[in-house]
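**Q** I'd like to ask some things about the structure below.
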Amino acid sequence: MAARALVVGIANADSIAWGIARALAGAGWRLAITFQSERAEPHVRPLAEELGADLILPLDVRAADQQAALFAALAERWGGLEALIHAVAFAPRDDLHGRVVDCSAEGFATAMDISVHSFIRLVRAAEPLMAAGGLCLTVSFEGARRVVSTYNLMGPVKAALEATVRELASELGARGIRVNAISPGPMPTRAASGIAAFDAMLDDARSRAPLRRLATLDECGATALFLAGPGGGAITGAVIPIDAGLGIIG
């Protein structure tokens with residue numbers, strides 16, 4: 001039986017989740033793909049259909065009823081799951097663009113809920129479907145480990161996400177469930193476009209990275225595919241940089 005993956009977080013063809021879904025499909029994986037809202041569906045459904053996804057369902061990660069319906073459909077259609085891909089992050093614009101010291105309690109809580117706790121909720125729901133083990137993968141950024149200008153509130157949020165990866169890896173390892181994150185450098189995705197002065201961040205990354213370029217969606221997909229396969233079988237609790245070497249530069 002072909003391996004099965006749930007991919008959450010595709011917004012359009014520039015999404016990191018799209019690069020991952022494309023790599024998995026190319027390797028023969030069966031896919032379930034979600035879209036965030038009715039507004040997002042016309043951008044996501046054609047991509048999911050292009051990959052021949054078995055299931056294309058709505059999922060606002062804040063909606064418990066949608067998550068329950070999604071996992072009920074996965075259990076009915078597949079009965080099991082080998083990989084969960086989570087590529088979801090959000091912070092309210094005013095809180096994201098301001099100083100962390102000035103962020104609102106509501107904005108901080110929203111960013112943590114959507115960007116971090118949603119991963120916990122999805123892993124908890126996926127666990128019963130991973131009786132034979134599997135991979136839970138999320139997406140981080142270098143701003144989790146060092147100050148990145150204009151990344152602001154998302155720095156603490158991504159740091160919490162990486163800590164969550166380690167904790168979940170420890171808790172679920174005995175069941176053969178591996179939990180990891182990939183950490184691409186700056187990439188021209190829709191989500192990243194909300195960061196102030198993002199074009200300047202891209203230019204700076206290109207100029208300072210040892211490889212003098214940005215990572216690509218295909219490279220993100222290839223790394224996720226490796227982690228999901230036999231080669232990644234002993235890797236858990238890790239944050240894998242895919243950044244053309246930018247992270248080694250001070």
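**Q** For labels at ILE249 and GLU76 in the simple 7 Å Cα→Cβ model, what's the distance in nm?
**A** 5.1 nm
**Q** Rank LEU227, LEU161, LEU172 by mean-square fluctuation in a GNM of the chain with C-alpha springs under 10 angstrom and give only the top-ranked residue.
**A** LEU172
**Q** Quote to one decimal, in nm, the extra length available between ASP102 and ILE235 on full extension: 0.36 nm per residue of separation minus the C-alpha distance between them.
**A** 44.1 nm
**Q** Moving on. Roughly speaking, what is the stretch gain from GLU50 to PHE198, that is 0.36 nm per residue apart minus the C-alpha to C-alpha distance, in nm to one decimal?
**A** Once the chain is fully extended between GLU50 and PHE198, it gains 50.3 nm.
**Q** Roughly how many debye, to the nearest 20, is the charge dipole of region 84-143 about its Cα centre, given +1 on each Lys and Arg Cβ, -1 on each Asp and Glu Cβ, and no other charges?
**A** 200 debye
**Q** Could you check the simple spin-label distance between ALA159 and SER37, using points 7 Å along Cα→Cβ, in nm with one decimal?
**A** Computed distance between label sites ALA159 and SER37 equals 3.1 nm.
**Q** Same structure, new question: Quick one: if the Förster radius is 35 Å, what FRET efficiency do ASN12 and ALA174 give, using the C-beta to C-beta distance and rounding to 0.05? Display every interim value, and only then the final one.
**A** Numbers: r = 38 Å, r/R0 = 1.09.
Result of the calculation: an efficiency of 0.35.
**Q** Something else about it: Give me the one-decimal nm value for the distance between modelled label points at GLN66 and ARG93, 7 Å along each residue's Cα-to-Cβ direction.
**A** Each label point is offset 7 Å from its Cα along the Cβ direction, giving 2.0 nm.
**Q** Another question, then. Ordered by packing density, taken as the mean number of other Cβ atoms within 10 Å over each peptide's residues, highest first, how do 49-55, 238-244 rank? Please report the intermediate quantities before stating the final value.
**A** On the way: 49-55: 15.6, 238-244: 20.6.
Going from most to least packed, we get 238-244, 49-55.
**Q** To the nearest 20 debye, what charge dipole does the chain have about its Cα centre, counting +1 at the Cβ of each Lys and Arg and -1 at the Cβ of each Asp and Glu?
**A** For the chain, the charge dipole is close to 500 debye.
Bear in mind these aren't lab numbers, they're just calculated from the coordinates by the rules spelled out. It should be emphasised that the depicted structure is a prediction, and the values quoted were computed from it without experimental measurement. Methodologically, a virtual Cβ is constructed for each residue, glycine included, from the backbone with ideal geometry; neighbour enumeration extends over all protein chains shown.
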